[in-house]
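Student: Structure in structure tokens, see below.
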Amino acid sequence: MGNVKTSRAGKRAAQAPAAIDPSAGLLGAVPFACAMFDAGGVLIAGNARYREEFGALPEHASRDALLALLQGDSGDSEGPREVLAPHSGRWYALHWGRAEHAAAPVEVLTAVDISERIETLDSHKNRQEKLLFTSRLMSVGEMAATLAHELNQPLAAIMNYLNGSLRLVEQAGGPVQVERALQAARTQAEHAAAVISRVREFVRAREPRRDAHELSRIADTVLELLRLEAERLQLRIDLGLPANLAPVFADRVMIEQVLLNLVKNAIEAMREIPAARRELRIDARMNLDDQVEVRVSDRGAGLSPAEQDQLFSPFFTTKTDGLGIGLAICRSIIEYHEGRLFFEPREGGGSVFGFTLPRYEART
């Protein structure tokens, strides 16, 4: 009988359940990826979600290696961090905590998938930017329509006076210098009329005439319009346009107007500095986004941080007699062309205003 009792006791011992690791049940109850690492950073346990989302990575079993992959470093494991997992393209909020397991300190990682939230925020941001762009476009459009209407009649009168004066000079055999000056004035008036015509088309939401254009020709036209002003101020203008620069996909008159505005602003910024320092430079290059980038640099006094913050706001101006709509119109035109208008301080003093335009080849 004693032997029988002994065998029954052994049988009951054999049937007793094995000891359960409390950490396994705890991690399994967490609804997102969760893992536990020992003091040396070695994985102790991870729930099914953790294995599903990170188990394919060789780094998943090492805290430092996983952090280096997700965060780009292995030193900062404190506090929540939003990271992009390169292997899956998913966004996670990483949270670290400290606990004890088997009387030893451990670190607990939770990785909450926030991809949907990030996508929603991006979508909301894009909608906001489109609404702001539409709002700016409407405001600038109203201003431009008013200005175009008000300028059309006096401009037509100026053209008539110039044409009449040219006829009188030709009939009287007047001085050649006077005839050249009148012809130059008529050229500028014709350019102004073309600008107003394009602005009115732009405001009426008609498609501008975008085609392939060489920036060198656009720059030549603008500089010819401002040549007399530059000579009067003894201002040096340098052109840095590569001969092999790709043609841009743009409306020529609109981009001429943008460049003209930026160059005129640069000239204005250098009126009060000594003539020897009056240097204006126009550069162009292909940027990293495969767009043509144009930069207009001056040696003026530059802009304060407060002025830089408001630079592209409608009606903000640093000129005593300015309206503050030039840069706002320029930005709308450049954004319509799927580019961007930007500012940065110039090294050594002065300012750089620039804009980007798509290549023609990229749109064909």
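Student: Would you mind counting up the charge near residue 160? Only other residues with Cβ under 15 Å from its Cβ, with Lys and Arg at +1 and Asp and Glu at -1.
Tutor: On the way: positive: 167, 186; negative: 190.
Value of the local net charge: +1.
Student: Ordering 353, 32, 37 from largest to smallest accessible area (1.4 angstrom probe), what's the sequence? Don't skip to the answer; put the middle values down first.
Tutor: Values: 353 25, 32 70, 37 0 Å².
Highest to lowest solvent-accessible surface, that is 32, 353, 37.
Student: State the dimensionless ratio Rg/Rh of the stretch 155-273 (Rg: radius of gyration of Cα atoms; Rh: Kirkwood radius). Before the final figure, lay out each step's value.
Tutor: Values: Rg = 16.9 Å, Rh = 16.5 Å.
Ratio of gyration radius to Kirkwood radius: 1.02.
Student: Under the rule a/c < 1.5 gives rounded, and otherwise a/b versus b/c splits prolate from oblate, where does the stretch 245-287 land using the Cα gyration tensor? Please report the intermediate quantities before stating the final value.
Tutor: Working: a/c = 4.64, a/b = 1.90, b/c = 2.44.
The shape class here is oblate.
Student: Can I ask one more? Calculate the FRET efficiency for residue 264 and residue 125 from the Cβ-Cβ distance with a Förster distance of 25 Å, rounded to the nearest 0.05. Walk me through the intermediate numbers first.
Tutor: Working: r = 34 Å, r/R0 = 1.37.
E between residue 264 and residue 125, to the nearest 0.05, is 0.15.
Student: Provide the FRET efficiency to the nearest 0.05 for the residue 193-residue 287 pair, computing r from the beta carbons and using R0 = 41 Å. Before the final figure, lay out each step's value.
Tutor: Working: r = 34 Å, r/R0 = 0.82.
Here the calculated transfer efficiency is 0.75.
Student: Follow-up. For residue 277 and residue 179, what is the calculated FRET efficiency with R₀ set at 30 Å and r taken between the beta-carbons, to the nearest 0.05?
Tutor: Details: r = 36 Å, r/R0 = 1.19.
That gives a FRET efficiency of 0.25.
Student: Provide the gained length on full extension for the span residue 104 to residue 230, in nm with one decimal, where the gain is 0.36 nm per separating residue minus the Cα-Cα distance. Intermediate values should be presented prior to the final figure.
Tutor: Values: separation 126, 0.36 × 126 = 45.36 nm, distance 7.81 nm.
Contour length minus the Cα-Cα distance gives 37.6 nm.
Student: A further question on this structure: Please report the accessible area of residue 95 (heavy atoms, 1.4 Å probe, ligands and nucleic acids excluded) in Å², nearest 10.
Tutor: 70 Å²
Student: To the nearest 10 square angstrom, what accessible area does residue 286 show with a 1.4 Å probe?
Tutor: Ignoring ligands and nucleic acids, residue 286 comes out at about 70 Å².
Student: Tally Lys/Arg at +1 and Asp/Glu at -1 over every other residue whose Cβ is under 12 Å from the Cβ of residue 41; what's the total? If you can, show how the numbers build up before the last one.
Tutor: Details: positive: 63; negative: 38, 59, 64, 107.
Residues close to residue 41 contribute a combined charge of -3.
The values are calculated or read from the model by the stated rules, or taken from the named source; none is laboratory data. Computed from a predicted structure; not experimentally measured. When we count neighbours, we look across all protein chains shown, and the Cβ atoms used for this are built from the backbone with ideal geometry, even at glycine. Ligands, DNA and RNA are stripped out before the accessible areas are found, and what is left, the full protein with its side chains, is counted by its heavy atoms. Shrake-Rupley method; radii C 1.70, N 1.55, O 1.52, S 1.80 Å.
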